[in-house]
């Protein structure tokens with residue numbers, strides 16, 4: 001899988017992207033045959049226990065990126081640029097994006113519209129592929145006033161369409177649309193020659209992305225409308241740990257098969 005392959009999938013084959021944050025989940029995603037793994041800054045919520053993505057640092061992203069690459073050596077990997085890793089200066093942004101490529105990413109993703117057009121062009125000119133991200137951009141939750149669906153008003157619709165077109169002109173090879181009303185996501189998808197990948201953006205995007213932990217049910221308390229839980233691994237893991245605890249308490253573990261003995 002490479003950028004050209006991904007771009008050629010538009011209108012022909014749906015693109016499947018899944019987040020992964022560590023070696024075990026990356027191994028599972030690669031074995032399942034997903035097209036793209038995203039090392040999302042959503043690791044803040046799903047792995048590190050933060051309330052949102054804002055606290056996530058470059059150092060944390062790099063640790064998880066390297067772990068994912070070790071687990072998925074053959075999969076196209078995109079790394080999220082975390083909050084304040086690209087908004088202060090182009091020089092710092094390019095340096096941070098370059099660190100992602102040096103540590104296993106094939107491309108980077110950054111949130112925001114045409115304001116970042118020149119930065120995106122600079123990154124691409126020195127060999128850093130960029131995926132865009134519009135709609136609900138979690139790093140801007142304080143500006144949006146929370147997690148709200150985008151594209152409901154005419155103003156919001158026009159903003160999304162205009163910025164999607166400008167991001168394509170800047171050179172992004174694909175665009176994530178998050179929590180965008182379906183009709184607007186459809187219109188954007190039809191306007192662009194690059195693939196759109198939706199998360200809560202309806203059925204007409206060129207691909208879909210979901211968080212690994214949501215797919216497998218590792219966070220049973222979080223069930224957003226746009227997601228789907230395909231398994232309940234939280235209860236499976238809980239049951240296993242409870243059984244271990246009970247067997248230790250009842251002196252049923254370890255047994256003969258679990259211990260080492262002297263002699264030949």
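A few notes on this one:
- Relative contact order [Cα under 8 Å, 6+ residues apart], region 50-156, whole percent: 23 percent
- Within region 24-42: backbone nitrogen closer than 11 Å to the residue 84 label point (7 Å, Cα to C-beta): none
- In terms of the mean number of neighbouring beta-carbon atoms within 10 Å, the peptides 79-87, 183-191 order highest first as 79-87, 183-191.
- Value at 222 nm in deg cm²/dmol, rounded to 500, when DSSP H runs of n ≥ 4 in the chain each add -39,500 (n - 2.57): -12000 deg cm²/dmol
- Estimated distance in nm for a label pair at residue 103 and residue 169, the labels positioned 7 Å out from Cα along Cα-to-Cβ: 3.5 nm
- Nearest 10 degrees, 0 to 90: helix 154-170 Cα axis against the chain principal axis: 90 degrees
- Hydrodynamic radius of the chain by the Kirkwood approach over all distinct alpha-carbon pairs: 19.6 Å.
- For region 52-207, the convex hull drawn through the C-alpha positions has a volume of 113 cubic angstrom per residue.
- FRET efficiency for the residue 5 to residue 66 pair, using the beta carbon distance and R₀ = 30 Å, is estimated at 0.80.
- Ranked by how many other beta carbons lie within 10 Å on average, peptides 48-54, 176-182 from highest: 176-182, 48-54
- Maximal additional length on extending the residue 232-residue 260 stretch stands at 6.5 nm, based on 0.36 nm per residue less the C-alpha distance.
Where a number appears in this text, it was derived from the coordinates with a stated rule and is not lab data. Fair warning: this is a prediction, and the values are worked out from it, not measured in the lab. Every residue, glycine among them, receives a Cβ derived from its backbone with ideal geometry; neighbour counts consider all protein chains shown.
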